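The values are calculated or read from the model by the stated rules, or taken from the named source; none is laboratory data. Please read all numbers here as calculations on a predicted model, not as lab measurements. Quick reminder, even Gly has a Cβ in these numbers, built from the backbone with ideal geometry, and neighbours come from all protein chains shown.
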Amino acid sequence: MKDISIYFKPTVISSSDCKGDLRNSALVYDDGGFPEIENKGVALIYVPENRKSPYSSLEGNEDFRKQFYSFNRGDNWDFSIYDLGTIAPGETVDDTYFALSQVVSELVKRDVVPMVIGGSQDILMACYKGFEHLERMINICSVDSSLDVGSPDSEISSDAYVSHLLMQRPCFLFNYANIGMQRPLVQGKDIHLFENLYFDICRLGTFNSDFRLAEPLLRNSDLISVDFNSIKNSETDPSKYSNVNGFKSDQICQIMKYAGMSDKMSCISIAEVHPDQSVSASNLLSQMIWYFVDGLAQRVGDFPIENKTRYKKFHVHIDDFDDDLIFYKSHKSSRWWLEVSYPAAEGSKYERHHLVPCNQIDYDNALKNKIPNLWWKTLQKLSHS
């Protein structure tokens, strides 16, 4: 295993600054040294790399840590919580990307979920490259009011990085989903690109109508990126954030909990965190972290990739189709999956992607002879990959 401690500097938050029991139970990189990473768990990583954002700052602010450690552990948190400190920005942004990609890769190998705090949202590229080292096909989900596509011919930035992601060769991206898009903030051509690539969009209005519709997208993702500016600025800090619309604080915490509960999810980033934000914004950030960790504690290990005998199997006949649609429902969590066949010649390359998380609405629509959109989209991606 590589020594990842070389990329970090210790946190300055001492146990005397904290009221809850989290600080004493977490394995923190402080003046006592870098923690031994021996067990599965979650690793808190701060990366104040904002040179690609509008405020172009390299300053850090660890107030969120102090507030996080004022909380107490949740129920059944039977895994390790590592606080690895701060990855100091390198001489160039690419240097920071490299350090973070190495850290993400090593932690995922050790069954530790990296939780990357800070940096502009293009930091997602570094997290993706961590999976690239593992040569694993992955799904990405962004919680963002914009799609941040940009152009591969222009410089990568916090609001223009997806096109660069798509141009990576070899490409290990199978699907990309967005939760929270606000139409006034997105160009039509970017929406058409997502449609042509069979990517998923859950608009803010759709989410507000039923927040459970976003859960399958989170459950289907290996890597999740949350734009802190996607939260309504009256819930955070109007002096630092510009989005007058967006998620409410309880909604973003629910999203974080869903993200943690996903067995597939291996890395999460909360980006666009202003280094000079208010105490209330830092408090919300700390609660987002807490609910994510609480979601991890509620994983039930029911992603049906191997033994499906513990699931209830449903066959749904669709007119003019030779084969039935196959749905699975977990006895543990009552969550649903839809099976999409893929070419046998591909072997195990797409094994993790032919069972697509869905909800009961998809099953109910299939009973009405309506083929779920996610079935069509997944089949198209499997056929053209």
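Annotations
- Residue check for Phe71: in contact with a helix residue (DSSP H, G or I) (Cβ under 7 Å, 6 or more places away or on another chain), hydrophobic (A, V, I, L, M, F, W, C) and either surrounded by fewer than 17 Cβ atoms within 10 Å (Cβ to Cβ) or in a loop (DSSP other than H, G, I, E, B) (or both): yes
- Filter result (among the charged types (D, E, K, R), part of a loop (DSSP other than H, G, I, E, B) and closer than 27 Å to Thr92 by Cα) within the stretch 32-67: Glu49, Arg51, Lys52, Glu59, Glu62
- Inside the stretch 274-299, residues that are part of a loop (DSSP other than H, G, I, E, B) and either surrounded by fewer than 19 Cβ atoms within 10 Å (Cβ to Cβ) or acidic (Asp, Glu) (or both) make up a count of 5.
- Filter pass, Ser225 being modelled with pLDDT under 95, in contact with a Leu (Cβ under 6 Å, 6 or more places away or on another chain), surrounded by 24 or more Cβ atoms within 10 Å (Cβ to Cβ) and on the phi < 0 side of the Ramachandran plot: no
- Residue check for Gln168: under 30 Å from Leu134 (Cα atoms) and either in contact (Cβ under 8 Å) with a residue 40 or more places away in the chain or surrounded by fewer than 17 Cβ atoms within 10 Å (Cβ to Cβ) (or both): yes
- Any chance Glu215 is more than 25 Å from Val116 (Cβ to Cβ), outside any strand (DSSP E or B) and in the same structural domain as Val279 (by TED's automatic domain parsing): no
- Residues that are under 22 Å from Ile255 (Cβ atoms) and either basic (Lys, Arg) or out of contact with any strand residue (DSSP E or B) (no Cβ under 6 Å at 6 or more places or on another chain) (or both), drawn from the stretch 163-189: Leu165, Leu173, Gln182, Arg183, Pro184, Leu185, Val186
- The set of residues in the stretch 55-106 that are within 22 Å of Tyr128 (Cα to Cα) and in contact with a Lys or Arg (Cβ under 6 Å, 6 or more places away or on another chain) comprises Gly85, Thr86, Ala88, Val93, Ser101, Glu106.
- All positions within the stretch 240-261 that are in contact with an Asp or Glu (Cβ under 9 Å, 6 or more places away or on another chain), free of Cβ contacts under 8 Å to residues at least 60 places away in the same chain and assigned to a loop (DSSP other than H, G, I, E, B): Lys240, Tyr241, Lys248
- Across the stretch 74-101, the qualifying residues are those that are of a type in the set (Gly, Ala, Ser) and not in a strand (DSSP E or B), and the one among them that is surrounded by the most Cβ atoms within 10 Å (Cβ to Cβ) is Ala99.
- Residues within the stretch 334-385 that are surrounded by 13 or more Cβ atoms within 10 Å (Cβ to Cβ), closer than 27 Å to Val300 by Cα and at pLDDT below 75, tallied: 6
- Top-ranked residue in the stretch 111-161 [being touching a strand residue (DSSP E or B) at 6+ places or on another chain (Cβ under 8 Å) and assigned to a helix (DSSP H, G or I); ranked as surrounded by the fewest Cβ atoms within 10 Å (Cβ to Cβ)]: Phe131
- Within the stretch 190-201, being under 23 Å from Ser120 (Cβ atoms) and out of contact with any Lys or Arg (no Cβ under 9 Å at 6 or more places or on another chain) holds for Asp190, Leu193, Phe194, Ile201.
- Any chance Gly205 is touching a Lys or Arg at 6+ places or on another chain (Cβ under 8 Å) and in the same structural domain as Gly180 (by TED's automatic domain parsing): no
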